[in-house]
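The values are calculated or read from the model by the stated rules, or taken from the named source; none is laboratory data. Keep in mind that this is a model prediction, so the values were computed, not measured. Using ideal geometry, Cβ is built from the backbone for each residue, glycine included, and neighbour counts are taken over all protein chains shown.
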Amino acid sequence: MTQHSSQAPNLTVLRDSLLAQRAELLSRMAHERGGVVGRAEVAAEQYETAPSDNAQLRTERETNFAMSEHETAELADIDRALELMRKGEYGNCIDCEVKIPAPRLLATPTALRCIACQSTYEAHHKHF
Ligand SMILES: [Zn+2]
């Protein structure tokens, strides 16, 4: 009985999962930016002539902004992973080029680095 190598993640499965993640993210972003407007936005239009009382509103706007920043970054990760797949370079750490273990890719299809490089990267890009 031949054993499938655990070195080779199933790219089709990972690609489908990335595409599904991407579609979901895009629809979430469209939902936030378009059609459905939050209460704060509606209030802003009604009270545009009274700008003194908008601290709460400003906070909500900043939260929305931070969220879309996060989603933009997430989308960039997904696109990057898909791009690497097209080039046949997917699954290699972008920093040290070691093969990223399949279980890690399955858990996090957007993983671009091996765990060691990811820890180093996060240590240098801490967000609080
Ligand atoms: Zn690495």
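Please verify whether Glu45 is modelled with pLDDT under 90, surrounded by 14 or more Cβ atoms within 10 Å (Cβ to Cβ) and either of a type outside the set (D, E, K, R) or over 30 Å from Gly91 (Cβ atoms) (or both), treating the condition exactly as stated.
Answer is no for this residue.
Just for the range 90-107: of the residues that are surrounded by 14 or more Cβ atoms within 10 Å (Cβ to Cβ) and under 18 Å from the mean Cα position of the chain (by Cα), which one is nearest to the ligand (Cβ to nearest atom)?
Looking at the filtered set, the residue picked out is Cys93.
Please go through the range 108-128 and give me each residue that is assigned to a helix (DSSP H, G or I) and surrounded by 10 or more Cβ atoms within 10 Å (Cβ to Cβ), ordered by number.
Ile115, Ala116, Cys117, Gln118, Ser119, Thr120, Tyr121, Glu122
Since Leu82 meets every condition but one in (1) at pLDDT below 95; (2) under 23 Å from Ser27 (Cβ atoms), which condition does it not meet?
Condition (1) is where Leu82 drops out.
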